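The structure under discussion appears below in the form of structure tokens.
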Amino acid sequence: MRRLGELEATVMDVLWRGSEPMLVREVLEEIAKERELAYTTVMTVLDNLYRKEWVVREMEGRAYRYRAITSREESTAQTLRDVLDSARDPESVLLHFAQSVSEEESDILRRALRRKQRKR
């Protein structure tokens, strides 16, 4: 499973909220609104995220600009997929999940399943 540590999740949240690729300094400035971190800490986290294939980077001058490879929603969906893949009884997991969803979420799932069936 591709899980993020607390600091990695904080950095990814900044990247997901941003509309453009970001420099380490820009990520640090956003995080600094909530907590104090060293520049090198943020740089190390971004490098780790790059190696784990959560972000891509492009050289700009002498620094990298980072952006998330997938959206927050795609990443969350992949986490759900990982959970199902690791379950001994995915059918039971899905049935329990289906019982826990709201009426609105149930409607969304029905629409998504109808779209999937039409694509076949």
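Structure notes:
- Taking (1) among the charged types (D, E, K, R); (2) open to solvent by less than 60 Å² (accessible area, probe 1.4 Å); (3) touching a residue at least 12 places away in the same chain (Cβ under 8 Å) in turn, Glu26 satisfies each apart from (3).
- Out of Arg88, Arg115, sole residue that is open to solvent by 90 Å² or more (accessible area, probe 1.4 Å), over 19 Å from Thr10 (Cβ atoms) and assigned to a helix (DSSP H, G or I): Arg115
- One residue stands out in region 11-23 among those that are under 27 Å from Leu80 (Cα atoms) and touching an Asp or Glu at 6+ places or on another chain (Cβ under 8 Å): the one that is surrounded by the fewest Cβ atoms within 10 Å (Cβ to Cβ), namely Arg17.
- Selection status of Glu34, modelled with pLDDT under 95, among the acidic types (Asp, Glu) and over 14 Å from the mean Cα position of the chain (by Cα): yes
- Region 35-60, subset among the charged types (D, E, K, R) and under 18 Å from Arg3 (Cα atoms), residue surrounded by the most Cβ atoms within 10 Å (Cβ to Cβ): Asp47
Let's see how each residue does on (1) in a loop (DSSP other than H, G, I, E, B); (2) among the small types (Gly, Ala, Ser); (3) under 30 Å from Leu84 (Cα atoms):
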| residue | (1), (2), (3) |
| --- | --- |
| Leu7 | no, no, yes |
| Arg25 | no, no, no |
| Glu29 | no, no, no |
| Glu34 | yes, no, no |
| Leu37 | yes, no, no |
| Thr41 | no, no, no |
| Val45 | no, no, yes |
| Tyr50 | no, no, yes |
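The values are calculated or read from the model by the stated rules, or taken from the named source; none is laboratory data. If you're wondering where the values come from, they're calculated on a predicted model, not measured in any experiment. Using ideal geometry, Cβ is built from the backbone for each residue, glycine included, and neighbour counts are taken over all protein chains shown. The protein model used for the area step is the full one, side chains on, heavy atoms only, and it has no ligands, DNA or RNA in it. Shrake-Rupley method; radii C 1.70, N 1.55, O 1.52, S 1.80 Å.
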